[in-house]
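**Q** Here it is, the structure, as structure tokens.
The values are calculated or read from the model by the stated rules, or taken from the named source; none is laboratory data. Given the structure is predicted, the values throughout are model-derived calculations rather than measurements. Using ideal geometry, Cβ is built from the backbone for each residue, glycine included, and neighbour counts are taken over all protein chains shown.
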């Protein structure tokens, strides 16, 4: 049986919008994942830097380094709203602390279709943006360090390497 003239055009006209909606639905999660990866890596790097920070020094230099690392996310509303200064970075810890704690927060404007679903679910702030928050907490010193009792030979930690 021979297909009717123009049938392929009609099928394409029906399938093309569906295909574009599927691609659009994949775009938002990909953008959120990119921002998540960059933020988590910046937070882990900040924890490593905090663990070497002298207790009498400010965290301003580390915050500047984190924001410089976060500049890898372009200031495009689907990725990040507000420019380089809109990143909120909270740093807690220093070389004496047992744990380092870093919080990075930023806002993303969702695509229209996903934005309406997010608004319906109550995930948007008052400006219609998703707030992404990343927390990283790392232990500064290894567990075996706490097992060495005071008064022991300072080099007794070597036994844990054998």
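**Q** Can you tell me which residue within region 54-78, out of those that are in contact with a strand residue (DSSP E or B) (Cβ under 9 Å, 6 or more places away or on another chain) and assigned to a loop (DSSP other than H, G, I, E, B), is nearest to residue 92 (Cα to Cα)? Show your work before the answer.
**A** Quick first cut of region 54-78, residues in contact with a strand residue (DSSP E or B) (Cβ under 9 Å, 6 or more places away or on another chain) only: 59, 62-63, 66-67, 70, 73, 77-78.
Those still in the list that are assigned to a loop (DSSP other than H, G, I, E, B) too: 59, 73, 77-78.
On the way: 59: 9, 73: 24, 77: 29, 78: 29 Å.
Going through the qualifying residues, I end up with 59.
**Q** Against the conditions (1) touching a strand residue (DSSP E or B) at 6+ places or on another chain (Cβ under 7 Å); (2) under 30 Å from residue 141 (Cβ atoms); (3) surrounded by fewer than 17 Cβ atoms within 10 Å (Cβ to Cβ), where does residue 86 fall short? Just the number, please.
**A** Going through (1) touching a strand residue (DSSP E or B) at 6+ places or on another chain (Cβ under 7 Å); (2) under 30 Å from residue 141 (Cβ atoms); (3) surrounded by fewer than 17 Cβ atoms within 10 Å (Cβ to Cβ) one by one, residue 86 breaks only (2).
**Q** Kindly provide the set of residues from region 92-119 that are in a helix (DSSP H, G or I), in contact (Cβ under 8 Å) with a residue 24 or more places away in the chain and exposed (fewer than 14 other Cβ atoms within 10 Å of the Cβ), ordered by number. Full working, then the answer.
**A** Step one: list which residues in region 92-119 are in a helix (DSSP H, G or I), which gives 112-119.
Now drop any that are not in contact (Cβ under 8 Å) with a residue 24 or more places away in the chain, which leaves 113-114.
Listed by number, the list holds a single entry, 113.
**Q** Would you say residue 92 is touching a helix residue (DSSP H, G or I) at 6+ places or on another chain (Cβ under 7 Å) and either farther than 26 Å from residue 64 by Cβ or at pLDDT 85 or above (or both)?
**A** Values: touching a helix residue (DSSP H, G or I) at 6+ places or on another chain (Cβ under 7 Å): no; either farther than 26 Å from residue 64 by Cβ or at pLDDT 85 or above (or both): yes.
Considered against the rule, which asks whether it is touching a helix residue (DSSP H, G or I) at 6+ places or on another chain (Cβ under 7 Å) and either farther than 26 Å from residue 64 by Cβ or at pLDDT 85 or above (or both), residue 92 comes out as no.
**Q** Another one. Among the residues of region 1-53, write down those that are surrounded by 10 or more Cβ atoms within 10 Å (Cβ to Cβ) and outside any helix (DSSP H, G or I).
**A** Result: 51, 52, 53.
**Q** Scan region 134-150 for residues that are modelled with pLDDT of 80 or more and touching a helix residue (DSSP H, G or I) at 6+ places or on another chain (Cβ under 9 Å) and report the count. Before you say what the answer is, go through the steps one by one.
**A** Initially, region 134-150 is screened for residues modelled with pLDDT of 80 or more, giving 134-139.
Now drop any that are not touching a helix residue (DSSP H, G or I) at 6+ places or on another chain (Cβ under 9 Å), which leaves 134-138.
Qualifying residue count, region 134-150: 5.
**Q** Kindly provide the set of residues from region 120-133 that are modelled with pLDDT of 85 or more and either surrounded by 10 or more Cβ atoms within 10 Å (Cβ to Cβ) or farther than 18 Å from residue 104 by Cβ (or both), ordered by number.
**A** Start the filter on region 120-133 by keeping residues that are modelled with pLDDT of 85 or more, which leaves 124-133.
Hits for region 120-133 are 124, 126, 127, 128, 129, 130, 131, 132, 133.
**Q** Condition check: within 24 Å of residue 102 (Cα to Cα), in contact with a helix residue (DSSP H, G or I) (Cβ under 7 Å, 6 or more places away or on another chain) and touching a residue at least 60 places away in the same chain (Cβ under 8 Å). Does residue 65 satisfy that?
**A** Numbers: within 24 Å of residue 102 (Cα to Cα): yes; in contact with a helix residue (DSSP H, G or I) (Cβ under 7 Å, 6 or more places away or on another chain): yes; touching a residue at least 60 places away in the same chain (Cβ under 8 Å): no.
No, not satisfied.
Conditions tested, residue by residue: (1) out of contact with any helix residue (DSSP H, G or I) (no Cβ under 6 Å at 6 or more places or on another chain); (2) more than 16 Å from residue 115 (Cα to Cα).
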| site | (1), (2) |
| --- | --- |
| 5 | yes, yes |
| 9 | yes, yes |
| 12 | yes, yes |
| 15 | yes, yes |
| 20 | yes, yes |
| 25 | yes, no |
| 28 | no, no |
| 36 | yes, yes |
| 41 | yes, yes |
